[in-house]
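*Asks:* Take a look at this one; I'll ask things after.
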Amino acid sequence: MSNFLATLEFSFSITGPIFIVLALGVYLAKIKLINDNFIEIGSNLVFKVTLPALLFVSICKTDLAHVANASLIIYAAIATVVVFLLLEVAAHYLINPVEERGIFVQGAFRSNMGIIGLAYCINAYGEAGLVASSLYLGLITILFNVLSVITLSRSLHKGKGIGNTIKGIATNPLIIGIVLALPIAWAKIEMPDIVLSTGEYFAKMTLPLALLCTGGSLDFQALKYDFHKAMLSAVAKIAVVPFLITLGGFLLGFRGINLGVLFLMSSAPTAAASYVMVRAMGGNAALAANIIVLTVIGSLLTTSLGVTLLRSFQLM
């Protein structure tokens, strides 16, 4: 019993702080201490400045020869594509009208890795979790963007040229931060202390600000629209997809931090970018918003349960 309680305490040490800051964001928005303008500016600051700085500093200080796990990233990419195809098949039978199938699929596979997934990994493994998840984040984010464009373009019957997709990836601040840091890390170049210290100031702002903005942006009133379809996508996102990806990783022999990163990144809620993309392409934005809200709430519970089980069997 004492071991189980210790494991339970560990799992809530990962998800608990995130839940508290998200709830604080909801409360501060409710009492008007933060507003839509703050959330928009704060979210842009995180996406364009502080999160890229966090990833850049983390990778620059890392000996990639000892931490880079190509097999983990290759498996994650293959597993993401397989899950994506399974969700496309499921959407064909479960979701009508056709125009909402891509929204269902994107909501079910696209994790909020840059904010909540990263926070899960840092809370679980500290600096080692940050390094392992940074590389994972950069490469799988590219795949997420490509697959999202494919599924939404198919279901919404809107063409989006490959050139626009490539441009979006090439100008993504997270990708830029990682690409700039990789050659520095591989060459083991010592960055000046002033650069690292400045980067760390920005890096330390990232997760608290991002989580506050995420909490403040949640719209619980939207849940009354398309609740059934949103719930199907949310259950797939926080229960089915993490289970399949983690099970596959387990069967292939991943253990410890590698299996932990697989589970924590895949169990993160749906990325807020999914709402932005659906809205920009003229889809059902309310459905996309519902999926985000449900997965943010549900992920805290399912992730805690998953960590408890994996930790109990000494797998992560």
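Since every read-out is calculated from the coordinates, none of them should be taken as a lab result. Not measured: the values here are computed from a predicted model. We place every Cβ from the backbone using ideal geometry, glycine too, and count neighbours over all the protein chains shown.
*Asks:* With 10 angstrom as the radius, rank Phe254, Phe47 by how many other C-beta atoms surround their C-beta, starting from the fewest.
*Replies:* Starting with the residue having the fewest Cβ neighbours, the order is Phe47, Phe254.
*Asks:* I've got another one for you. Can you count the Lys pairs in region 2-312 with C-alpha separation below 21 Å, eight or more apart or on different chains?
*Replies:* Lysine pairs meeting the criterion: 9.
*Asks:* Also, I was wondering about something else. Express in nm, to one decimal, how much length is gained between Ala170 and Phe10 on full extension, taking 0.36 nm for each residue of separation and deducting their alpha carbon distance. Walk me through the numbers on the way to the answer.
*Replies:* Numbers: separation 160, 0.36 × 160 = 57.60 nm, distance 3.81 nm.
Result: 53.8 nm gained on full extension.
*Asks:* Arrange the peptides 170-182, 19-31 so that the one whose residues have, on average, the most other Cβ atoms within 10 Å appears first.
*Replies:* Sorting 170-182, 19-31 by mean packing, highest first, produces 170-182, 19-31.
*Asks:* I would also like to ask the following. What value, in deg cm²/dmol to 500, does the helix sum -39500 (n - 2.57) over DSSP H runs of n ≥ 4 give at 222 nm once divided by the residues of the chain? Could the numbers behind the result be given before it?
*Replies:* Numbers: 16 runs with 241 residues, N = 316.
After summing the helix terms and dividing by residue count, I get -25000 deg cm²/dmol.
*Asks:* What is the distance, in nm, between label points placed 7 Å from the Cα along the Cα-to-Cβ direction at Gln221 and at Phe243?
*Replies:* With each label placed 7 Å out from Cα toward Cβ, I get 3.6 nm.
*Asks:* I would also like to ask the following. I'd like the distance between the alpha-carbon centres of region 171-243 and region 24-79, rounded to an integer number of Å.
*Replies:* With region 171-243 and region 24-79 each reduced to a Cα centre, they are spaced 3 Å.
*Asks:* Looking at the chain, do any whole DSSP H helices span at least 18 angstrom along their long axis by alpha carbon and average -1.0 or above on Kyte-Doolittle, and which? Write down the numbers at each step before the final one.
*Replies:* Numbers: long enough: 2-30 (39 Å, 1.35); 70-94 (35 Å, 2.08); 127-156 (41 Å, 1.46); 173-186 (20 Å, 2.34); 193-217 (36 Å, 0.79); 285-312 (40 Å, 1.64).
Once both thresholds are applied, what remains is 2-30, 70-94, 127-156, 173-186, 193-217, 285-312.
*Asks:* Across 10 Å bins from the origin, how do the percents of Cα pairs in the chain run, short distances first?
*Replies:* It works out to 6, 27, 36, 24, 6, 0, in whole percents.
*Asks:* Hand me the trypsin sites (Lys or Arg not before Pro) from region 255-316 located in a DSSP loop with no more than 16 other Cβ atoms within 10 Å, in residue order please. Numbers along the way, then the final one.
*Replies:* On the way: sites: Arg255, Arg279, Arg311; in loops: Arg255.
Qualifying residues, ordered by number: Arg255.
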